[in-house]
Amino acid sequence: MALLENGGAVPAGPLTKADRDAYARRLRNRSLAVAGGSTAAVLIAIVVLVPLAPGWEAVRRSFFSGEVFVETFPTLLRAFMLDVAIFLWCAPAIAVVGLAIALCRDVRNPALYPLRLFGALYTDIFRGIPVILVVYLVGFGIPGLGLPRPWNSPYIWGSLALILTYSAYVAEIFRSGIESVHQSQRNAALSLGLSDRDTMRYVVLPQAIRRVVPANMNMLIALQKDVALLSFIGPVEIFRQAGVYKSLLANFTPYVVAACIFLAITIPATRYADYLMARQARERS
Amino acid sequence: MATLDLIGVSKSFGATQVCRGIDLSVKDGEMVCLIGASGSGKSTLLRCINLLEPIDEGQILLDGEDISRPDLDPQGVRRRIGIVFQSFNLFPHMTAAENVMLGPRRVYRRSRADLLPDITVLFERFGLADRMYHYPDQLSGGQQQRVAIVRALAMRPEIMLFDEITSALDPELVGEVLDVLRQLRAEGMTMVLATHEMSFAREAADRVAFLHDGRVLEEGPPAQLFETPRHERTRAFLSRLARA
Ligand SMILES: Nc1ncnc2c1ncn2[C@@H]1O[C@H](COP(=O)(O)OP(=O)(O)OP(=O)(O)O)[C@@H](O)[C@H]1O
Ligand SMILES: [Mg+2]
C-alpha cells in the first residue's frame, strides 16, 4: 500500500490517540506553512514588482498620497454619513414596498386582478431599467414639475428612485421565498379552517421571510453602494465630495479614500450574508 | 360527532381517474380503515373529504349535508373535519403550543390565555405536557405526529381523517401514535384512516374498506374481510402483504 507523506511518519503497530492527534497536528501545520508561504510569495512579488513599473511613481502620487488621504478622510467620512442616512430611510421603505408588490402578484381574488397585473408590470419595468436611468428620470423629472420646497428636493426623489428599483428586485426575492414554502404547509393551515389570508400571514410568510434573509442582505449591500448614484442629481454625498476634492487638489486619492470607507462597511456585511447563507444551507441539509 | 356518507365520488387528475364512484358510509363514533395498494387513491379520497381537492362527481354528506357543493364556504367545512398527514406538516417556526393554538385563535377568535388551559389538557392527555414549548425540530417523529393530532383535535372536529400517519415513523415510535388512535376511538371519535398497518386495522377498526381501481371493492368488519375476503383481488392484495 502507498503511504501518504504529508504528515510525516507514524510509529509502526497499533496507534494511540496521541499518535493520531500528533499526525493530524503535523498535517495542519504543514498546510498552514504552505498557505502562508505562497501568500507571502505573491505579496512580495506585488510589492517588489509593481514599483518597478515605469509609471508607478506618478500613480503613487495621484492615487495613494498619504497626505491627501489624511487631509480628506474626515470630510469624506462625514459625507458618507449622508449615504448612510439615505440608506437607512430607503431600506425599510424597500422592504415594505417589495413585500407589498410580492403579495400583489400572489392575489387570487379576481376583483383584485388589477393588482396582480400592476405587480407584474412593476417588477418587469423597474428590473429592466438601469438604476442610474431611474435616478435621472425621477430625480430630474419630478422636480422639473416646478414643485415648491421641500418637494423639489433631490433627496426625496433620488431616494424614491432607489426605492422603486430596489423594491422590484426585493419583491422577486420575497416571491421566490413564498414559492419555496411547500404546498403541504399551506394545506395543513387550510385544513384547520384558516382563511387564505391567515394562511399566508401566519404560516407561509414567516417561513418565506426567514429563508430570504441572506438574499435580501445582498440587496442591502448593493443598495449601500448605489446610494452613490444620487450624487448625479445633487446631494453632496461621499462620491460627489470625493469629486470636489479631486478637482481641488488635482489628486485621485479621495476616490481611494471613498473606496476604503465603502469597503469598511460592505466587507463585514458581505461576510455576514455569506455566513447566514451557509448556516441556512446547513440547516436545510 | 357526526356521520359521513360518500355517494358515487369521482375524481380525476387530468387523464388519470383516481376515484370512479366511491360509496362509503361512516357512522357516528365509527372507525373505518381504508386499505389498498399504493396509488389506489386513499390519500386522494381523504383530501377530497377535507375539500383540499375538488371532486368531479358524486356527493360527500357530512351529517346529511352535501359539503362538496362548490358554492359552499370550504373554511366552515374544514374546521369541522380534522386531518392528520403522513409527513406531520407541523409549522416549523412555531412551538408545539403555538401550532396547536393557531387554528382556534384565528378561526374561533379565542385568545392564547383563554386557550391555554384547554390545550394543556390535550397535551397532557397524549403524554406531551413537557413538550409544549418545543419546536418541531426538537421533537421525535412520534411526538411530532402526536402534536399534529392534538393540533387537529384543538379545533374540536366532528370527524377525524388520518392519512398513513405512522408510515414516516421509525418502528419503535409507531406504537405511541397508534395508542392515541385507540384512545380517540374509546372516546367515540368518528374516524377514517388510510393505513398500511393491517394488524392495527384488524384489532381496532369497526369496518375495513378495500379500495381497488377507484372503487370500494369490498368492505366489512375486519374479522370477515381479513379472514374470508369475498373478492379474488382482496385475497391477492392481502396475501401479497402477508408475504412481504
Ligand atoms: N395532485 C395530483 N396530480 C396528479 N396526480 C395525482 C395527484 N395526487 C395524486 N395523484 C395520482 O392519484 C393516484 C392516487 O394517489 P394517492 O396518493 O391517493 O394514492 P394512495 O392510495 O394514497 O397511495 P399510497 O399508499 O402510496 O399513499 C396516483 O396514481 C397518483 O399518481
Ligand atoms: Mg397516500
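Run the simple label-point estimate for B:Asp63 and A:Ser153 please: 7 Å along Cα→C-beta, distance reported in nm.
Taking the two extended label points, one gets 6.1 nm.
To test your reading of the geometry: what angle, between 0 and 90 degrees and rounded to tens, separates the Cα axis of helix B:171-186 from the longest principal axis of chain B?
90
Rounded to the nearest 0.05, what FRET efficiency do B:Arg110 and B:Gln75 give with R0 = 22 Å and r taken as the Cβ-Cβ distance? Could you check?
Working: r = 16 Å, r/R0 = 0.74.
Computed FRET efficiency for B:Arg110 and B:Gln75: 0.85.
Quick one: work out Rg over Rh on the C-alpha atoms of the stretch A:106-169, Rh as Kirkwood radius.
Numbers: Rg = 14.4 Å, Rh = 13.0 Å.
Here Rg/Rh amounts to 1.11.
Helix B:112-125 against the longest principal axis of chain B: what's the angle in degrees, Cα atoms only, rounded to the nearest 10?
In chain B, helix B:112-125 runs at an angle near 50 degrees to the longest axis.
Ignoring ligands and nucleic acids, what accessible area does B:Glu197 show with a 1.4 Å probe (Å², nearest 10)?
50
Can you compute the radius of gyration and Dmax for the protein assembly as shown, using only the Cα atoms, both in Å?
So, for the protein assembly as shown, Rg and Dmax equal 33.2, 101 Å respectively.
In debye to the nearest 20, how big a dipole does chain B give about its Cα centre with +1 on each Lys and Arg Cβ and -1 on each Asp and Glu Cβ? Let's see the in-between values first.
Values: 29 positive and 34 negative charges, 57 e Å.
It comes to approximately 280 debye.
If you take each beta carbon of peptide A:192-202 and count the beta carbons of other chains within 10 angstrom, what is the mean? Write down the numbers at each step before the final one.
Numbers: counts 17, 17, 8, 5, 1, 1, 6, 2, 0, 1, 8.
That average works out to 6.
So how compact is chain B: Cα radius of gyration and Dmax in angstrom?
18.0, 57
For A:Leu190, A:Leu15, write out the residues from largest to smallest accessible area, computed with a 1.4 angstrom probe and no ligands counted.
Numbers: A:Leu190 25, A:Leu15 60 Å².
The ranking, largest first, comes out as A:Leu15, A:Leu190.
With +1 on each Lys and Arg Cβ and -1 on each Asp and Glu Cβ, how big is the dipole of the stretch A:65-284 about its Cα centre, in debye rounded to the nearest 20?
Values: 19 positive and 13 negative charges, 104 e Å.
About 500 debye.
In peptide B:90-98, what is the residue-averaged number of other protein chain Cβ atoms found within 10 Å of each Cβ?
Values: counts 2, 8, 6, 7, 4, 0, 0, 0, 1.
Mean shielding by partner chains, rounded to a whole number: 3.
Using only C-alpha positions, report the orientation-averaged shadow area of the convex hull of the stretch A:157-285, nm², one decimal. Kindly include the intermediate steps, with their values, before the conclusion.
On the way: hull surface 40.1 nm².
Convex hull of Cα atoms, orientation-averaged projection: 10.0 nm².
Any chance you could run the full-extension gain for A:Val59 through A:Glu283? It's 0.36 nm times the residue separation minus the Cα-Cα distance, nm to one decimal.
Values: separation 224, 0.36 × 224 = 80.64 nm, distance 4.83 nm.
Length gained, A:Val59 through A:Glu283: 75.8 nm.
Given 0.36 nm per residue, what is the gain on full extension from B:Lys27 to B:His231 after removing their alpha carbon distance, in nm? Mind showing how you got there, number by number?
Numbers: separation 204, 0.36 × 204 = 73.44 nm, distance 2.41 nm.
Length difference between fully extended and current span is 71.0 nm.
Can you list the residues of the stretch B:1-18 with backbone N under 15 Å from a point 7 Å past the Cα of B:Asp56, pointing along Cα to Cβ?
Output list for this probe position: B:8-18.
Could you grab the Rg to Rh ratio for the stretch B:1-67? Cα atoms only, Kirkwood for Rh.
Values: Rg = 11.7 Å, Rh = 12.3 Å.
Rg/Rh for the stretch B:1-67 comes to 0.95.
Considering only protein heavy atoms, what is the solvent-accessible area of B:Val216 at a probe of 1.4 Å, reported in Å² to the nearest 10?
30
State the answer as a single residue: which of B:Leu45, B:Leu34, A:Ala93 lies farthest towards the positive end of the charge dipole of the protein assembly as shown, with beta carbon charges of +1 for Lys and Arg and -1 for Asp and Glu, about the Cα centre.
A:Ala93
Averaging sequence separations of C-alpha pairs under 8 Å and six or more residues apart, then dividing by the length of chain A, give the relative contact order as a whole percent.
RCO, chain A: 24 percent.
Just for the Cα atoms in the stretch A:2-52, what are the lengths along the principal axes, largest first, rounded to whole Å?
The Cα atoms of the stretch A:2-52 stretch 57, 22, 9 Å along the principal axes, largest first.
Rounded to the nearest 0.05, what FRET efficiency is calculated for B:Ser167 and A:Ala250 with R0 set to 60 Å and r the Cβ-Cβ distance? Numbers along the way, then the final one.
On the way: r = 77 Å, r/R0 = 1.28.
FRET efficiency, B:Ser167 to A:Ala250: 0.20.
Report the FRET efficiency, 1/(1 + (r/R0)^6), for A:Leu88 and A:Val50, where r is their Cβ-Cβ distance and R0 is 30 Å, rounded to 0.05.
Details: r = 39 Å, r/R0 = 1.29.
After rounding to 0.05, the efficiency reads 0.20.
Amide H of B:Ser25: which non-local residues (sequence gap of 5 or more, or other chain) have their own amide H closer than 5 Å, using H built in the peptide plane?
Residues meeting the criterion, in which the H sits 1.01 Å from N, are B:Leu6.
Would you list the membrane-span-like helices of chain A, meaning whole DSSP H runs whose alpha-carbon atoms span at least 20 Å along their axis and whose mean Kyte-Doolittle value is at least 1.6? Don't skip to the answer; put the middle values down first.
On the way: long enough: A:17-49 (48 Å, 0.43); A:66-104 (54 Å, 1.71); A:113-128 (23 Å, 0.32); A:154-180 (39 Å, 0.71); A:253-284 (46 Å, 0.36).
Those that pass (Cα extent of 20 Å or more, hydropathy at least 1.6) are A:66-104.
Suppose we keep just the DSSP beta bridges with both residues in the protein assembly as shown; what percent of those would be antiparallel, to 5?
On the way: 20 of 37 bridges.
Antiparallel: roughly 55 percent of the beta bridges in the protein assembly as shown.
Quick one: work out Rg over Rh on the C-alpha atoms of the stretch A:65-284, Rh as Kirkwood radius. Intermediate values should be presented prior to the final figure.
On the way: Rg = 20.9 Å, Rh = 19.5 Å.
A ratio of 1.07.
The values are calculated or read from the model by the stated rules, or taken from the named source; none is laboratory data. The model shown is predicted, which means the values in this text are computed figures rather than measured ones. Please note: Cβ atoms are built from the backbone with ideal geometry, for glycine as well, and neighbour counts cover all protein chains shown. Keep in mind that these areas ignore ligands, DNA and RNA; they rest on the heavy atoms of the full protein, side chains included. Shrake-Rupley method; radii C 1.70, N 1.55, O 1.52, S 1.80 Å.
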